[in-house]
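Accompanying notes for the structure given below.
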Amino acid sequence: MVVTLSKDYFVESIKKIAEMIEKERNYLTKLDSDIGDGDHGINLSIGFREVTKRLSELNENTEDISSFLKKVGMTLLGKVGGASGPLYGSFFMKMGTDVKGKEVVTFEEFIKMIDNGVAAVEMRGKAQVGDKTMIDSLRPGADYLKESDPNGRELEIFKEFIEVLKQGAKNTDPLIAKKGRSLRLGERAIGHRDPGAESSYLIFKAFYESFQDSDEKNRIKNGESMR
Ligand SMILES: [Mg+2]
């Protein structure tokens, strides 16, 4: 059975991300007040509240996954302040570059979408692994997916991808920042997690939970017993 992801999957994922952001708002803001300006959770919450408010409209007014995600990205870009607005905005806007016109994508295509999104963040932020940014979790995660052979193991691979992102976020703890506001802190940034690396992990954790839900639904639909 080829695992496919429908436009509904992406709509549900965005909902889950918005719920997660509300739950983790204070935590992300705390991380950012340790080494930044303390607005990361607040900024993401403002952005995703706006996306949630407009979600039905964004869904109904778009035909395919690519244009839906593009509208989500544009909404974030227009609403979110700080560095995270343009970065997450670019991520969602560029995710669908290679799947234009598709209402359903395969898991392989989904992997490419993630890589395209991460590449857009790299281009916009000009950051590399080790700079203490979102890229410290996103790049190893995208590479892990690209090197994986998900055929029949999609759910497991997705879970492992989340673990790679989580570890990537943890890896920012001992780093001195080379980008962003925490740059000026020098060695004082050591011991603090990068809030963007952590929110990137949490955003994909929401994508994963939404995947678990849709995988379960598919299995029930196909008469398979649940794992
Ligand atoms: Mg900030």
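What follows is calculated from the coordinates using simple rules that are stated; it is not laboratory data. These numbers were taken from a predicted model, which means no experiment stands behind them. FYI the Cβ positions are ideal-geometry reconstructions off the backbone, even for glycines, and counts take in every protein chain you see.
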(request) Please find the FRET efficiency linking I190 to K146, where r is the Cβ-Cβ separation and R0 is fixed at 45 Å, and quote it to the nearest 0.05. (result) 0.90
(request) May I ask you to derive the relative contact order of region 1-132, considering only C-alpha pairs under 8 Å and at least 6 residues apart, and to give it as an integer percent? (result) 24
(request) With just the Cα atoms of region 103-227, tell me how far they stretch along each of the three principal axes, in Å, largest first. (result) 57, 25, 22
(request) Averaging over all projection directions, find the projected area of the Cα convex hull of the chain and quote it in nm² with one decimal place. (result) 11.5
(request) Please check the chain for the longest run free of GluC sites (Glu not before Pro) that are loop-located per DSSP (anything but H, G, I, E, B) and have at most 16 other Cβ atoms within 10 Å. (result) 104-223
(request) List the relative contact order of the chain as a percent without decimals, with contacts defined as Cα pairs under 8 Å and 6+ residues apart. (result) 22
(message) Charges at C-beta only: +1 for Lys and Arg, -1 for Asp and Glu. How large is the resulting dipole of the chain about its Cα centre, in Debye rounded to 20?
(response) 640
(request) Using a Gaussian network model of the chain whose springs link C-alpha atoms within less than 10 Å, name the residue from R139, R153, R49 with the highest mean-square fluctuation. (result) R153
(request) Please name which of L145, L28, I135 has its Cα lying farthest along the dipole of region 1-158 towards the positive end, using unit charges on Cβ (Lys, Arg +1; Asp, Glu -1) and the Cα centre as origin. (result) L28
(message) For K112, K100, which order do you get if you count the other beta carbons within 10 Å of each Cβ and list the fewest first?
(response) K100, K112
(request) First measure r as the distance between the Cβ atoms of R49 and V2, then evaluate 1/(1 + (r/R0)^6) with R0 = 25 Å and state the FRET efficiency to the nearest 0.05. (result) 0.10
(request) Taking only Cα atoms and a 10 Å spring cutoff, compute GNM fluctuations for the chain and point out the largest among V99, V72, V80. (result) V99
(request) Among Q167, A177, A197, flag the residue with its Cα farthest along the positive direction of the charge dipole of the chain, charges on Cβ as +1 for Lys/Arg and -1 for Asp/Glu. (result) A177
(request) For a footprinting-style exposure proxy, rank M93, M134, M74 by other Cβ within 10 Å, fewest first. (result) M74, M93, M134
(message) Full-extension gain between S33 and Q212, please, as 0.36 nm times their residue separation minus the C-alpha to C-alpha distance.
(response) 61.1 nm
